[in-house]
Amino acid sequence: GQQVMQIPQYQHVQEGEDFTTYCNSSTTLSNIQWYKQRPGGHPVFLIQLVKSGEVKKQKRLTFQFGEAKKNSSLHITATQTTDVGTYFCAGWDNFNKFYFGSGTKLNVKP
Amino acid sequence: SAVISQKPSRDICQRGTSLTIQCQVDSQVTMMFWYRQQPGQSLTLIATANQGSEATYESGFVIDKFPISRPNLTFSTLTVSNMSPEDSSIYLCSVEYSSYNEQFFGPGTRLTVL
C-alpha cells in the first residue's frame, strides 16, 4: 500500500546547526503539507506545496516539492531550541487518500 | 484558523468498556477527521466524518469498533468500543475548511486501557 516515509527518524543537532528532513512517497501526491508537533502537543500546519518543483520559504525554513511530486524536504537554517519537535509531511494521493509521513524528531541542544 | 476542543483530555478505562470522545469546533466546518497516534508514532487516519453523510472508515478500522456521530457542522463524537489495551493511544480530531487544504487539530484525548 501507499507509504510516506521520512528520514532521518531522529536528528540531534547543536543549536545553530542546520537540519533537513526528507519525505518520500511511494506514489505521486497531489500536494504536500508539513506539520510540526511539539512534545505533548498536537500537529500544527506549517505550509502546503502544490506545484512540481515548488520551493517556499518561511523565515529560516525552506520547503521543496520534488519534480515528480513524490518527495519533499524541509530545511531549517541555524536551528534554535524553539525548533524542537517532530516534523511530519503529509499529502493527498490521486485516489483522495490522505497520508501522514513517519515523522522526524528533532532535538536541539543549547 | 479554528479553535477545537476535545473531551475528555485523558482517561483511564477498563478492558471491555467503551469511551466516547467529543470534538467541538468554534465554527461550522464540513470536513472533520479522526486520527489515532501511538506514543512516538505518526498519525493514522481512522475515518472521515462529513456532516450529512455516513463516516468513511480507513482500512483496518470498522464502524462497530469506532462508531462516529456528526450531528451538526460544529460537533462530532468518536466512540472506542469494547476496549482492549491495544486501543491505548492518543485520539485526535481535525477539521479542514476546504478540500485538500490545511487541517487544524484538536488537543487530543490520551486514552489508557488497563
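Every condition in (1) touching a helix residue (DSSP H, G or I) at 6+ places or on another chain (Cβ under 9 Å); (2) open to solvent by 60 Å² or more (accessible area, probe 1.4 Å) holds for A:Lys36 except the one numbered (2).
Selection of the range A:5-23 for residues being more than 10 Å from chain B (Cβ to nearest Cβ), on the phi < 0 side of the Ramachandran plot and open to solvent by less than 70 Å² (accessible area, probe 1.4 Å) yields A:Pro8, A:Gln11, A:Val13, A:Phe19, A:Thr20, A:Thr21, A:Cys23. A:Ser30 meets all of the listed conditions (1) in contact (Cβ under 8 Å) with a residue 60 or more places away in the chain; (2) crowded, with 17+ Cβ neighbours inside 10 Å; (3) facing chain B (nearest Cβ under 10 Å) but one, namely (2). Condition check: more than 30 Å from A:Gln9 (Cβ to Cβ), open to solvent by 30 Å² or more (accessible area, probe 1.4 Å), within 14 Å of chain A (Cβ to nearest Cβ) and assigned to a loop (DSSP other than H, G, I, E, B). Does B:Ser98 satisfy that? It is true that B:Ser98 is more than 30 Å from A:Gln9 (Cβ to Cβ), open to solvent by 30 Å² or more (accessible area, probe 1.4 Å), within 14 Å of chain A (Cβ to nearest Cβ) and assigned to a loop (DSSP other than H, G, I, E, B). Could you tell me whether the range A:84-104 includes any residue that is in contact (Cβ under 8 Å) with a residue 60 or more places away in the chain, more than 14 Å from chain B (Cβ to nearest Cβ) and not small (Gly, Ala, Ser)? No: zero hits.
Kindly establish whether B:Leu19 is away from every other protein chain (no Cβ under 14 Å) and not basic (Lys, Arg).
Working: away from every other protein chain (no Cβ under 14 Å): yes; not basic (Lys, Arg): yes.
Answer is yes for this residue.
Residues in the range A:40-62 that are under 15 Å from A:Gly103 (Cα atoms) and in contact with a Lys or Arg (Cβ under 9 Å, 6 or more places away or on another chain): A:Pro43, A:Val44, A:Phe45, A:Leu46.
A count restricted to the range A:97-110 and to residues that are more than 19 Å from B:Arg36 (Cα to Cα) and either within 14 Å of the chain's Cα centre (by Cα) or open to solvent by 50 Å² or more (accessible area, probe 1.4 Å) (or both) stands at 4. Considering only residues in the range B:74-89 that are assigned to a strand (DSSP E or B) and either in contact with a His (Cβ under 6 Å, 6 or more places away or on another chain) or over 24 Å from B:Ser27 (Cβ atoms) (or both), the one that is most open to solvent (accessible area, probe 1.4 Å) turns out to be B:Thr79.
The values are calculated or read from the model by the stated rules, or taken from the named source; none is laboratory data. None of the values given here were measured: they were computed from a predicted structure. Note that each Cβ is placed from the backbone with ideal geometry, even for glycine, and that neighbours are counted across all protein chains shown. Note: accessible area is taken over every heavy atom of the protein model, side chains too, but ligands, DNA and RNA are not part of it. Shrake-Rupley method; radii C 1.70, N 1.55, O 1.52, S 1.80 Å.
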